[in-house]
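Asks: Have a look at this one.
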Amino acid sequence: MLTSHPVKGFALEREPYRRKIEKDMFSEQVYRERRNALRKKIRSGLIVFLGNGYVPMNYPDNTYPFRQDSSFMYYFGLDLPNLVGVMDLEGGRDTIYADDYTINDIIWMGPQTSIAEQAERVGVQMVRPRKEVVSEVSKTVQAGRRGHFLPPYRGEQTLELSEWLGVSPQRLSQYVSKDLVKAVVEQRSVKGEEEIAELDAANEIGRDMHLAAMRLARPGKSEHEIAGILDGIARGYGRVPSFSTILSMNGQILHNEKHDGILKEGRLLLVDCGAGALSYYASDNTRVTPIGGRFTQKQRDIYEIVLDGVNTAISLAKPGVKYLDVHKAVCKVLTEGLQGVGVMVGDVDESVMNGAHALFFPHGLGHMIGMDAHDMEGLGEDNVGYDTEVKRQDQFGTGSLRFGRRLQEGFCVSVEPGLYFIPELIEKWRRERINVNFINFSKLEEYLDFGGIRLEDCIVITETGCRVLGKERIPITVEEVEEEMRREI
């Protein structure tokens, strides 16, 4: 039986999620194989994966929703707070260090499955009290063996690791294992079939969120109300949004998380949102909707330039291609389109080489996506998006490209070109005469109140090309969006 969502026409149970509610993990074999694959890359020492704990919101017992560390989840699969996973590489032993539930926990939380029973479900036979991890790490250091850990991103993790290793928190970054970072990025970058299935399911939830946004984009509605409904759809499937929802008529502000506007006829509503699956695999899509139901001709002209950029990227993305080159190809498409409406002039190649397009497209084409909306960026953006062959460029705009290296089968990346008319940036370039040979500043006067358009799909790289994640693409053409807006809420 399907449970109806408050927004008419949206059902809360999709088949993959009925299964995941009952068993929120992959099979034991999947986790064993992941850890064994990591052992082949790093052969000696001790690998320590710190799970996350609860984070207080404004006092200790009022916490943000729990979110497990993605790398811990990838290798150990337990969605519980305050766990530490340790792989003894020479001994071939995996251990989870955790404190089991007390009667006081059970009073507040209800009956709980023991940590040992849950550990068995991910192929770990050894469970020890959490405090014993300190002596385990200390013995490793004293014996001259290498202790491998990933860069911590929470203060309490930094303090714990510093204490265990006997180094100051300020020096801890010097001890992060570059070998482990490289190995984890290499392994997690290529998504297995079970991961792609979760990403497809997450994108189905994201699709429901965007369909609701299109149907709700009517004059008089508040941005707060629509954002709340979208977040509620994600929560209705059992998780929170995969990142803070961006929903605004001021689309020229790239990450505008304020929802304080009242929708006005003739404006554009930019919505960048996504959902995390119960397994944490994320969706991340952006759509732009004309408030009131129809694009004006000016809006349609800019929209279709951006759409051409999305479709160009999807047509070019395949194994062996540098994503940096795909980004540059899209920059040329956007430049040609802007020349067509009269705001850019001159030679297209020369314009892109000089970065003139970045006045309108000041960010990169995309990033990896997986358990994190920006997958693995806690391990270092350049470690994930670049390598010894493809280096990050320092040009304004292209320098913000998060992912530029060669694509491989199984990579999952976002495709999100945009065109933004940012009055403050336009004025700066005009005043400082930046790229004046390629920009028609007089024509730009007509666009200072335009806002911005970004369109985003996520793709998986296949053997011969790529495909958009999700069973069905979110409406994206002008006709599809306008048709969706005519449907009932």
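The values are calculated or read from the model by the stated rules, or taken from the named source; none is laboratory data. None of the values given here were measured: they were computed from a predicted structure. Cβ atoms come from the backbone with ideal geometry, glycine included; neighbour counts cover every protein chain shown. For the accessible areas, the whole protein counts, side chains as well, though only heavy atoms, and no ligand, DNA or RNA atoms are used. Shrake-Rupley method; radii C 1.70, N 1.55, O 1.52, S 1.80 Å.
Asks: Taking Rh as the Kirkwood radius computed over C-alpha pairs, what is the Stokes-Einstein D of region 347-412 at 20 °C in a medium of viscosity 1.002 mPa s, expressed in µm² per second?
Replies: Details: Rh = 12.9 Å.
Estimated via Stokes-Einstein, D reaches 167 µm²/s.
Asks: Can I ask one more? Starting from the Kirkwood Rh over alpha-carbon pairs, what translational D in µm² s⁻¹ does region 326-470 have by Stokes-Einstein at 25 °C and 0.890 mPa s?
Replies: Once the numbers are plugged in, D ends up at 151 µm²/s.
Asks: Can I ask one more? Where does helix 178-189 land angle-wise versus the long Cα axis of the chain, in degrees 0 to 90, nearest 10?
Replies: It is inclined by approximately 60 degrees.
Asks: Of the accessible area of the chain, with the probe set at 1.4 angstrom, what percent is carbon plus sulfur?
Replies: On the way: 10470 of 21580 Å².
Ligands and nucleic acids excluded, carbon and sulfur reach 48 percent.
Asks: Distance between the C-alpha centers of region 28-82 and region 393-428? Whole Å please.
Replies: The distance from the Cα centre of region 28-82 to that of region 393-428 comes to 30 Å.
Asks: For region 311-319, take each phi angle, set θ = phi - 60°, evaluate the Karplus expression 6.51 cos²θ - 1.76 cosθ + 1.60, and give the result in whole Hz per residue in order, putting x for glycine and proline.
Replies: Karplus-based 3J(HN,Hα) across region 311-319 equals 5, 5, 4, 5, 6, 8, 6, 6, x Hz.
Asks: Using a 1.4 angstrom probe and counting only protein chains, how large is the accessible area of Ile196 in Å², to 10?
Replies: Per-residue accessible area (Ile196): approximately 30 Å².
Asks: While we're looking at this one, here's another question. Kindly list the residues of region 446-464 that lie in the label zone of Glu193, defined by a backbone N under 20 Å from the point 7 Å along the Cα-to-C-beta vector.
Replies: 460-464
Asks: Continuing with this model, one more query. In whole Hz, what ³J(HN,Hα) sequence does region 332-348 give by Karplus (6.51, -1.76, 1.60; θ = phi - 60°), x for Gly and Pro?
Replies: Each residue's phi maps through the Karplus curve to give 5, 4, 5, 5, 4, x, 5, 5, x, 9, x, 8, 10, 9, x, 6, 4 Hz.
Asks: Sticking with this structure for a sec: Each residue of region 232-244 in turn: what ³J(HN,Hα) in whole Hz from Karplus with 6.51, -1.76, 1.60 and θ = phi - 60°, glycine and Pro shown as x?
Replies: Listing the rounded values in order: x, 5, 4, 5, x, 8, x, 9, 9, x, 6, 6, 5 Hz.
Asks: Once Rh is set to the Kirkwood radius over Cα pairs, what Stokes-Einstein translational diffusion coefficient, in µm²/s, holds for region 311-375 at a temperature of 37 °C and a viscosity of 0.692 mPa s?
Replies: Numbers: Rh = 12.9 Å.
This corresponds to a translational diffusion coefficient of 254 µm²/s.
Asks: Same structure, new question: Name the trypsin sites (Lys or Arg not before Pro) in region 424-474 that are in a loop by DSSP and that have at most 11 other C-beta atoms within 10 Å, would you? Write out the running numbers ahead of the final one.
Replies: Details: sites: Lys428, Arg430, Arg431, Arg433, Lys443, Arg454, Arg467, Lys471, Arg473; in loops: Arg433, Lys471, Arg473.
Counting only loop positions with at most 11 other Cβ atoms within 10 Å, the trypsin sites (Lys or Arg not before Pro) in region 424-474 are Arg433, Lys471.
Asks: Right, something else. Report the label-to-label distance for Phe441 and Lys41 in nanometres (one decimal), using points 7 Å from each Cα along the Cα→Cβ vector.
Replies: In this crude label model, Phe441 to Lys41 measures out at 4.9 nm.
Asks: Mind checking which lysines have their Cα closer than 20 Å to the Cα of Lys178? Skip sequence neighbours fewer than 8 apart in that chain.
Replies: Reachable lysines: Lys40, Lys41, Lys391.
Asks: With a cut-off of at most 16 other beta carbons within 10 Å, and DSSP calling the residue loop, which trypsin sites (Lys or Arg not before Pro) in region 273-344 qualify? Please list them. Please report the intermediate quantities before stating the final value.
Replies: On the way: sites: Arg287, Arg294, Lys298, Arg300, Lys322, Lys328, Lys332; in loops: Arg294.
Those that pass, being in a loop and sparsely packed, are Arg294.
Asks: Suppose we keep just the alpha-carbon trace of the chain; what are its Rg and Dmax in angstrom?
Replies: Cα radius of gyration and Dmax of the chain are 24.2, 74 Å respectively.
Asks: Still on this structure, I have one more. How much net charge surrounds Gly404 when only other residues with a Cβ under 12 Å from its Cβ are counted (Lys, Arg +1; Asp, Glu -1)? Display every interim value, and only then the final one.
Replies: Working: positive: Lys322, Lys328, Lys391, Arg392, Arg402, Arg405, Arg406; negative: Asp325, Glu381, Asp382, Asp387, Glu389.
Local charge sum for Gly404: +2.
Asks: Another question, if that's okay. Under a straight-distance cross-link criterion of Cα-Cα below 17 Å, which lysines are reachable from Lys443, leaving out those fewer than 8 residues away in the same chain?
Replies: Excluding near neighbours in sequence, the set is Lys298, Lys428.
Asks: Moving on. Would you please calculate the Kirkwood hydrodynamic radius of region 99-248 over all C-alpha pairs and express it in Å, rounded to one decimal?
Replies: Numbers: mean 1/r = 0.0493 Å⁻¹.
With all distinct Cα pairs of region 99-248 included, I get 20.3 Å.
Asks: I would also like to ask the following. Sort 333-346, 142-155, 362-375 by the packing proxy (mean of other Cβ within 10 Å over each peptide's residues), most packed first. Intermediate results must be reported in sequence, preceding the final value.
Replies: Values: 333-346: 19.2, 142-155: 15.7, 362-375: 24.1.
So the peptides 333-346, 142-155, 362-375, ranked by packing, come out 362-375, 333-346, 142-155.
Asks: I've got another one for you. Give me the distance between the Cα centres of region 99-132 and region 308-387, rounded to whole Å.
Replies: Centre-to-centre distance over Cα atoms comes out at 47 Å.
Asks: Roughly how many Å² is the accessible area per residue of the chain, as a whole number, for a 1.4 Å probe?
Replies: Details: 21580 Å² over 489 residues.
Result: 44 Å² per residue.
Asks: Using only the Cα atoms of region 390-440, what are the Rg and Dmax in Å?
Replies: For region 390-440, the Cα-based Rg and Dmax read 15.3, 46 Å.
Asks: Tell me the net charge near Arg154. Cut-off is 13 Å between Cβ atoms, Arg154 excluded, with +1 for each Lys or Arg and -1 for each Asp or Glu.
Replies: Numbers: positive: Arg67; negative: Asp69, Glu156, Glu160.
So the environment of Arg154 carries a net charge of -2.
Asks: Another question, if that's okay. Give me the compactness ratio for region 412-489, meaning the Cα radius of gyration over 2.2 N^0.38 Å.
Replies: On the way: Rg = 18.2 Å, N = 78, 2.2 N^0.38 = 11.5 Å.
Dividing the Cα Rg of region 412-489 by 2.2 N^0.38 Å gives 1.58.
Asks: Give, in whole angstrom and from largest to smallest, the semi-axes √(5λ) of the equivalent ellipsoid of region 167-243, with λ running over the eigenvalues of the Cα gyration tensor. Intermediate results must be reported in sequence, preceding the final value.
Replies: Working: eigenvalues 290, 79, 18 Å².
Working from the Cα gyration tensor, I get semi-axes of 38, 20, 10 Å.
Asks: Okay, helix-only estimate at 222 nm for the chain: each DSSP H run of n ≥ 4 adds -39500 (n - 2.57), divide by all residues, round to 500 deg cm²/dmol; what do you get?
Replies: On the way: 17 runs with 185 residues, N = 489.
That calculation yields -11500 deg cm²/dmol at 222 nm.
Asks: Classify region 210-326: rounded, prolate or oblate, from the alpha-carbon gyration tensor (a ≥ b ≥ c, eigenvalue square roots; a/c under 1.5 rounded; otherwise prolate if a/b is larger than b/c)? Before the final figure, lay out each step's value.
Replies: Numbers: a/c = 2.30, a/b = 1.13, b/c = 2.04.
Note, shape of region 210-326 comes out oblate.
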